[in-house]
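Each remark here refers to the structure printed beneath this line.
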Amino acid sequence: MKIISVEWGRVSIPLRTPFKTALRTVASVEDIIVKLTADTGDVGFGEAPPTGVITGDTAEAICGAIEHHIAPAILNQEIDDFEGVTGKVQAALVHNTSAKAAVDMALWDLYGKKLNAPVFRLLGGGKTHIVTDITVSVNPPEVMARDAEIAIQRGFDCIKVKVGVNPALDVERLAAIRVAVPKETVLRIDANQAWTPKEAVRILNGMQEKGLDIELVEQPVKAHDLEGLKYVTERSFVPVLADESVFSPMDAMKILQMGAADLVNIKLMKCGGITNALKITTLAELYGAQCMIGCMLEGPVAVNAAAHLACAKGVITKFDLDGPMLCAANPVHGGSRFEGKDIFMSEEPGLGVTGVDGVVPLGQVK
Ligand code: MG
């Protein structure tokens with residue numbers, strides 16, 4: 001099975017409500033869809049969200065990386081040499097992990113189709129269902145409490161709360177949410193780098209002293225500040241999960257060696273796809289740390305790929321794959337079924353996606 005064409009285009013999916021974090025506000029998912037075609041007629045799909053404020057990858061950068069670097073490297077390559085062809089994606093250029101992730105997942109899709117097995121089973125997984133949390137955007141406390149109530153009504157039992165905009169309000173935000181949701185609801189928080197190390201320790205321990213029962217905190221301090229992250233990890237009662245601090249497997253190794261965080265967040269867009277994510281899961285296994293699988297504001301093609309990885313690796317114990325649940329429509333055919341908090345895997349070969357509606361073509365190399 002040889003790759004004879006690489007195509008890419010843009011899909012736009014409106015969100016149910018605007019997504020607000022300490023870093024940005026957005027109203028729709030605007031993702032790049034990749035389609036690889038093989039000489040057998042089989043197709044593989046991938047997706048990358050341009051998330052300039054986190055990955056540095058804009059839509060134009062993703063398309064340029066595919067057109068001028070990645071597509072020429074994999075065109076006419078054999079899927080049978082899977083290690084070789086996935087290695088060519090990673091070696092095609094530095095950075096631009098989002099473009100690499102989109103093409104890497106499309107290659108896994110084709111590989112699964114070639115071997116007639118779903119990717120999660122190729123990877124040794126037996127799990128066919130996972131449960132995701134849902135994100136509540138950062139807003140005034142009363143708005144967040146109402147949004148949390150809506151999430152509970154939609155059937156979610158784990159809420160990820162975005163904090164860090166005007167940190168003086170953060171304890172109040174969580175207090176308002178805690179009283180608005182059932183007692184057993186799991187609350188995790190994401191500061192998206194907004195706090196200083198000392199501020200983080202004060203806020204987090206303040207939350208726990210108030211009995212707000214926070215499961216974990218994501219990225220309390222600046223991504224580059226590993227010493228600060230370690231400072232928080234050593235002093236906070238709330239377990240610390242590194243997100244923006246961990247892109248590559250090398251980053252994960254450094255954080256785990258330093259003991260700078262308790263957990264690491266794997267996102268395909270940060271590490272360059274399933275191939276590199278597997279290296280992070282191996283490192284976490286070796287260091288005895290658990291992983292979260294997360295996503296950017298991603299549509300169902302990319303989140304489906306993340307779900308395949310999540311179902312294959314027991315070291316991934318936290319699931320933050322709510323991209324499709326935040327969308328007001330689903331233009332994707334096949335793949336996982338996203339039903340409220342539940343994600344059910346497809347047993348179709350590869351990643352199971354058979355088509356994406358409404359893709360505006362942007363380019364092709366063949
Ligand atoms: Mg995060």
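Of note:
- Residues Gln208 and Glu60, FRET efficiency given R0 of 30 Å [Cβ-Cβ distance, rounded to 0.05]: 0.10
- In plain terms, if you count all Cα to Cα distances in region 182-330 and split them into 5 Å steps from zero, the share in each step is 2, 10, 20, 21, 20, 15, 9, 3, 0 percent.
- Charge dipole (debye, nearest 20) of region 15-125; +1 at Cβ of Lys and Arg, -1 at Cβ of Asp and Glu: 480
- Ranking His308, His68 by solvent-accessible area of protein heavy atoms (1.4 Å probe, all protein chains present), from largest to smallest, gives His68, His308.
- Across region 3-116, the fraction of Cα-Cα pairs farther apart than 16 Å, rounded to a whole number, is 58%.
- Alpha-carbon centroids, region 164-235 and region 310-351: separation in whole Å: 27
- For Leu15 and Val179, the difference between the fully extended length at 0.36 nm per residue and the C-alpha to C-alpha distance is 56.4 nm.
- Under 15 Å from the Cα of Lys279 - aspartates and glutamates, other chains or at least 8 residues apart: Glu83, Asp104, Asp251
- Average accessible area per residue (Å²) across the chain - probe 1.4 Å, nucleic acids and ligands excluded: 37
- Summarising the label geometry, the points placed 7 Å from Cα in the beta-carbon direction at Phe344 and Asn116 lie 2.5 nm from one another.
- Among Val11, Ala101, Ala27 - extreme Cα towards positive end, dipole of region 3-116, charges at beta-carbon: Ala27
- Most to least accessible of Glu67, Glu172 (protein chains only, probe 1.4 Å): Glu172, Glu67
- With only the Cα atoms considered, the chain has a convex hull volume of 114 Å³ per residue.
- Listed pairs Lys127/Lys267; Lys88/Lys127; Lys183/Lys222; Lys183/Lys267; Lys270/Lys313; Lys20/Lys254 exceeding 27 Å between Cα atoms: Lys88/Lys127; Lys183/Lys222; Lys183/Lys267; Lys20/Lys254
- Residues in region 154-172 reached by a label modelled at Val143 [backbone nitrogen below 17 Å; 7 Å Cα→Cβ]: 161-172
- Extension reserve of the Arg235-Asn330 stretch, reckoned as 0.36 nm per residue once the Cα distance is removed: 29.9 nm
- Residues in region 185-201 that a label on Glu227 would reach, taking backbone N under 13 Å of a point 7 Å out along Cα→Cβ: 197
- With 0.36 nm allotted per residue and the present C-alpha distance subtracted, the Asn76-His95 stretch has 4.5 nm of extension available.
- Top positive-direction residue, dipole computed over the chain with Cβ charges, set Val221, Pro300, Ala65: Val221
- Net dipole in debye of the chain [+1 Lys, Arg Cβ; -1 Asp, Glu Cβ; about Cα centre; nearest 20]: 320
The values are calculated or read from the model by the stated rules, or taken from the named source; none is laboratory data. Predicted, not measured: the structure shown is a model, and the values here were computed from it. A quick note on method: Cβ atoms are made from the backbone with ideal geometry, for glycine too, and the neighbour counts reach across all protein chains shown. With ligands, DNA and RNA removed, areas are computed over all heavy atoms of the protein, side chains included. Shrake-Rupley method; radii C 1.70, N 1.55, O 1.52, S 1.80 Å.
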